[in-house]
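The values are calculated or read from the model by the stated rules, or taken from the named source; none is laboratory data. Just so it is clear, the model here is predicted, and its values are computed rather than measured. Note that each Cβ is placed from the backbone with ideal geometry, even for glycine, and that neighbours are counted across all protein chains shown.
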C-alpha cells in the first residue's frame, strides 16, 4: 500500500534561515504519526507545506503515491489534506456551523454534521459565535470542519496545548477512531508523554532535518528527549526556599465579568501561580491588571500605592508582561527585533536622548537579549515574524526581564514552547525571583505551577477554588478544584471524578 | 485569527528600517517589491488609456505625445505640473502621516480649505510683519487651524471610539459650510466669493523670479516648503521616538497596548499632525499664486491626497514623486482637451489606482 503522505527531499529556506533541509519520511493510512522537535526545528513549516500554505524551495510531496501540486491550499484540500492549526483559522463572529460550511456548498450540511458529531462523540454547540466558545470547543469545531470536508490526512498542530486533562482523553479517543477508519493523522506536539501514549510512529526533527523516524515501540521517552535536543537534556530548573520581602502587588475584592472578589498578594521574591482551565477568570484578571477593562469593584495596590491601570498607562510601563498571545500582544510582527526589543521603552533614556532615537543603543540592546536568551537565528535585523514560536517567546521574556521590573505578569509563558526553552524560561523566572521580583504566573499547566510557584491559586468560574502554599499542595485536591469538584468541606470527595459534573450537581447531592 | 507563518510574511516590510545585519538580499527585494506595483500599474494604466483613446478615434501615439509635450515637454508645462503637485504633496503627506497609526484621514479636503481661509485672513491682516515673518506667521496659523480640525476626530476616536473615517468625512461638510458662512459674513469682498488680497509680507515668490523659463506658470516657493516637509517627516519617522510609537501602534496595536504605549494620545497626535499638514495645502494657491482665498480653490486636492499616499505606500519621501505624477495627470487634462474630453485623464487616474491596488495585493502575497 502506498503511504498516505510521503515527503521526499523537501527543502525550505526563509532568507538566511533554513527551516527544512532534505526532509524525507512517510505516514501511512491508519497511522497516528507524531512529529516532534524543538521550536524552530521545522515542524510548522513542514506542515505548512503539506497544507499548501508554504511553497517549498525543492522536493516532492507525494499523496497516496502521487506527487501533489505544492503551494496551493485549495489543491491540497482537494487531495484530502486538512489542518487544525495551532492558531485556529476561524471567523470569530460566525457560528460554529457557519465556520464549518464556509467556502463549501452548505446543502444538507446540518444533517451530515449531526451524523458526524454522533459518530465521533464530538459534542459542541453549533449555533453560538465561536468567539464565545472555549478554546477546547473551538478545536472541536476545527476537527468537525476537517471531517465535514472528508479529510483523509489530518494535521493537528499542538492540539492539546489548550486542553484540560479530561479533554485530552476524549480527543485521543476521537483520534483513535479516525485512525481506525484508515485516515492518517499527523500529530505535532511538545508533550512527550502524550506522544508516547497516542502515536504509532514518531518522527524527530532537529534543525530542519529528520533525525529519525521509527515505531513508538522502538523508542523510550528518555531516548526521545535526547534525540530531540541532540544530547543530554538540560537539568530542570531548581526552586529554592527564599523569604519573601515587602508586598509589591495586591488586589482586594477585584471583580470583573467572571472574576469575583479576587484577592491576591505578591511579595518581593515570590511567585504566585494562578491556575485553572481556560476561561475561568484568568483573562479578566490580566485585563484588569493591565488596564484594558475597568473592574466593576475592587482595588489594586502597587508598591503601597493605589493604582488604576485603566486610567493611566504609567503602571503598565513600569511592570513586565509576558502576554498570553505572543504574536498579537507581545510583538509587532512586521518589525525587526531591534524595534521589538525596546517596545514601550523606546521613548525614554537610554534609547531616546535629546528627543532623538538612538538606533545604535537599540541595536545593542536587541543583541544583548538575543545573546543572553539564546534566540536563534541571532539576526536582529529580521522581522519578528521570521522566528519560531519558542524563539519569539525567548525574546519577549528577555525583553521583559531585562527591564528588571519590580512586578512581572507572566501569562502561559511556556505554552507551545519546547523542553529546552521551557526549562530555560523557568530558570530565568526563578532567577528573577531570587533577585527580588514579584511574579504573578498565570498558567494552565499544573506541573509548571508546582515547579515555580511559592503559592498556588486555582480559579474555577471566577472564584478561587483552591489555595495552598508550596509545601501544602495536595495534587489530588488541586486537580479536583480545577474541574470544580473541590468542596470547602472535605466530605463528598468519594463521589469520584466525573469531570462533567460541576459544583451544581454537588450542591444537588447534598 | 493568525494566518500560518508562511503567509504572514507576505505583508512584511523589511526594507529600510530593520535590515541592519547585512541581509542585503532582503533589503533589495523589499525595494524592488516596493516599487514594482507602482511601475506595473502606471505602465498598465497607460496601455489601457491608449486603448481607450483609440476607441475614441484618436491615435494613442498622438495623444501621448501631446500629453507629454504639454506637461513635461516644456518649462511652462513643468511649471504647471509642479504647481498642481504642490498641494498634493501636503495632502498626500497628511494622509500618509495618519496612516502610520493606521488611521484614515479622509478629512484633508476640509482641513486644507479651513487652513487656506486662515492663510488669507492672517495674510491680509494690516499689522502683519514683513517677509519672512509674515509668511511664517500665516503658515503657522494655517497649520494650527488644520491641526485643530484634525484633532477633533482624533479626540473623538480616543475618547469614544467613533470611527475617524466617518467623523472626518462629516467634518468636511462642516468645513465647507463654515467657510461659506464666514465668507458671506464679511470675509469675502462684496459680490464675490474671494477674500481681500494678502499683504506683500505674506507672499511667496514665484519661481519665475529665479528661473525665467517658467514665465507665466504659477509654480512658486511653496513647492520647496512641500519638499522640505516631506524630508522632515521622513526623518521624523526615523529619528523621533513618537514617530516610532505611531508606527508600532499602527502595525501592532495589541503589542503596543501591552507595552504601555498611550493609544489615545498617539491617536490624537496622528490626526493632529495630519490636519496640520493638510492645513498647509493652500500655501501654494493663497500665498504664492492668487494672493487671496477663493471658494473651491482646493479642487479636490484633499481627496486626491489619498491616492497620492496610496501610490507612495505612505512613505513621506515617495509622496513627492507620487504627487508629481498626479499633478501631471491633472494638468494633462487641459493639455489634451482639444483631442479628447478632459475627463479621460480622470479615468486614467482611476485605472492606475485600481491596477496599483491589484498588483500590490498580488505581489504582496507572493513574497515569502
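Values computed for the structure shown
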{"item": "Residues located in segment A:289-309, provided they are surrounded by 18 or more Cβ atoms within 10 Å (Cβ to Cβ) and within 14 Å of chain B (Cβ to nearest Cβ)", "result": "A:289, A:290, A:291, A:302, A:307, A:309"}
{"item": "Search result, residues across segment B:108-127 that are over 16 Å from residue B:193 (Cα atoms) and assigned to a helix (DSSP H, G or I)", "result": "B:108, B:109, B:110, B:111, B:112, B:115, B:122, B:123"}
{"item": "Residues of segment A:427-443 classified as touching a residue at least 60 places away in the same chain (Cβ under 8 Å), part of a helix (DSSP H, G or I) and buried (at least 21 other Cβ atoms within 10 Å of the Cβ), total", "result": "2"}
{"item": "Enumeration of residues in segment A:150-163 that are in contact with a helix residue (DSSP H, G or I) (Cβ under 7 Å, 6 or more places away or on another chain) and part of a loop (DSSP other than H, G, I, E, B)", "result": "A:159, A:160, A:162, A:163"}
{"item": "Qualifying positions in segment A:149-169 - free of Cβ contacts under 8 Å to residues at least 60 places away in the same chain and either surrounded by fewer than 17 Cβ atoms within 10 Å (Cβ to Cβ) or farther than 16 Å from residue A:83 by Cα (or both)", "result": "A:163, A:167, A:168, A:169"}
{"item": "Every residue from segment A:115-128 that is in contact with a strand residue (DSSP E or B) (Cβ under 8 Å, 6 or more places away or on another chain) and surrounded by fewer than 16 Cβ atoms within 10 Å (Cβ to Cβ)", "result": "A:127, A:128"}
{"item": "Some residue of segment B:14-36 being part of a helix (DSSP H, G or I), outside the structural domain of residue B:333 (by TED's automatic domain parsing), at pLDDT below 90 and buried (at least 19 other Cβ atoms within 10 Å of the Cβ)", "result": "yes"}
{"item": "Qualifying position, being out of contact with any helix residue (DSSP H, G or I) (no Cβ under 7 Å at 6 or more places or on another chain), touching a residue at least 40 places away in the same chain (Cβ under 8 Å) and assigned by TED's automatic domain parsing to the domain that holds residue A:399, among A:345, A:326", "result": "A:345"}
{"item": "Residue B:254 part of a helix (DSSP H, G or I) and either modelled with pLDDT under 95 or surrounded by fewer than 24 Cβ atoms within 10 Å (Cβ to Cβ) (or both)", "result": "yes"}
{"item": "Scan of segment A:444-472 for residues that are in contact with a strand residue (DSSP E or B) (Cβ under 6 Å, 6 or more places away or on another chain) and assigned to a loop (DSSP other than H, G, I, E, B), ordered by number", "result": "A:453, A:454, A:462"}
{"item": "Residue among A:388, A:336 that alone is touching a strand residue (DSSP E or B) at 6+ places or on another chain (Cβ under 6 Å) and within 11 Å of another protein chain (Cβ to nearest Cβ)", "result": "A:336"}
{"item": "Residue in segment B:321-339 that is at pLDDT 90 or above, part of a helix (DSSP H, G or I), under 28 Å from residue B:158 (Cβ atoms) and in contact with a helix residue (DSSP H, G or I) (Cβ under 7 Å, 6 or more places away or on another chain) present", "result": "no"}
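Condition check ((1) under 13 Å from residue B:138 (Cα atoms); (2) surrounded by fewer than 21 Cβ atoms within 10 Å (Cβ to Cβ); (3) in contact with a strand residue (DSSP E or B) (Cβ under 8 Å, 6 or more places away or on another chain)) across all residues:
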{"site": "B:280", "(1), (2), (3)": "yes, no, no"}
{"site": "B:300", "(1), (2), (3)": "no, yes, no"}
{"site": "B:303", "(1), (2), (3)": "no, yes, no"}
{"site": "B:308", "(1), (2), (3)": "no, no, no"}
{"site": "B:313", "(1), (2), (3)": "no, yes, no"}
{"site": "B:316", "(1), (2), (3)": "no, no, no"}
